[in-house]
1. Can you run down the residue pairs with Cβ atoms below 8 Å, 6 or more apart or on separate chains, where the first is in the range 6-27 and in contact (Cβ under 8 Å) with a residue 24 or more places away in the chain and surrounded by 12 or more Cβ atoms within 10 Å (Cβ to Cβ) and the partner is among the basic types (Lys, Arg) and outside any helix (DSSP H, G or I)?
2. What's the total number of residues in the range 2-18 that are part of a loop (DSSP other than H, G, I, E, B) and either modelled with pLDDT of 85 or more or on the phi > 0 side of the Ramachandran plot (or both)?
3. Restricting to the range 19-36, and then to whatever is of a type in the set (Ser, Thr, Tyr) and part of a loop (DSSP other than H, G, I, E, B), can you tell me which residue is modelled with the highest pLDDT?
4. Which count do you get for residues in the range 70-98 that are loosely packed, with under 12 Cβ neighbours inside 10 Å, of a type outside the set (Ser, Thr, Tyr) and under 9 Å from the mean Cα position of the chain (by Cα)?
5. Looking at the range 41-48, can you tell me whether even one residue there is β-branched (Val, Ile, Thr), touching a Cys at 6+ places or on another chain (Cβ under 6 Å) and either more than 29 Å from ALA10 (Cα to Cα) or at pLDDT 85 or above (or both)?
Amino acid sequence: MNNLLDITAALDQPALLENLVEKLASRRYDIGYCKQAVPKNWEAVEVASAEVYTSGTLSFPIEADESSINIPFITSMLFTCIKGRDDRYRVLWSSSLS
């Protein structure tokens, strides 16, 4: 038995979400943690995180016909960026907090 479920999430304002995450990843300052002395083969990093609320619609297809169930959502996402000594900030992970 093959039980595949195709779930689609469409964001209401994807450009706004992208803009907020890009601002987090391109911030121009750091506190200096990435320059701290650490044991050999380790690297000190700066960490920056942002909680961003986003909304959209989840779609679940119905096999019996060609329609789908659409469920609106609002969720909080956490985006975390890191920066090494000679690096720029880069997105390390993101996750939904709901």
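The values are calculated or read from the model by the stated rules, or taken from the named source; none is laboratory data. Given the structure is predicted, the values throughout are model-derived calculations rather than measurements. Cβ atoms come from the backbone with ideal geometry, glycine included; neighbour counts cover every protein chain shown.
1. ALA25/ARG88; ALA25/ARG90
2. Pass one, the range 2-18, residues part of a loop (DSSP other than H, G, I, E, B): 2-7, 12-13.
Still in the running and either modelled with pLDDT of 85 or more or on the phi > 0 side of the Ramachandran plot (or both): 7, 12-13.
Count: 3.
3. Checking each candidate, the answer is SER26.
4. Residues in the range 70-98 being loosely packed, with under 12 Cβ neighbours inside 10 Å, of a type outside the set (Ser, Thr, Tyr) and under 9 Å from the mean Cα position of the chain (by Cα): 1 in total.
5. Kept after step one, since they are β-branched (Val, Ile, Thr), are these residues of the range 41-48: 45, 47.
Still in the list and also touching a Cys at 6+ places or on another chain (Cβ under 6 Å): 45.
Then drop every residue that is not either more than 29 Å from ALA10 (Cα to Cα) or at pLDDT 85 or above (or both), which leaves 45.
Yes, because at least one residue in the range 41-48 is β-branched (Val, Ile, Thr), touching a Cys at 6+ places or on another chain (Cβ under 6 Å) and either more than 29 Å from ALA10 (Cα to Cα) or at pLDDT 85 or above (or both).
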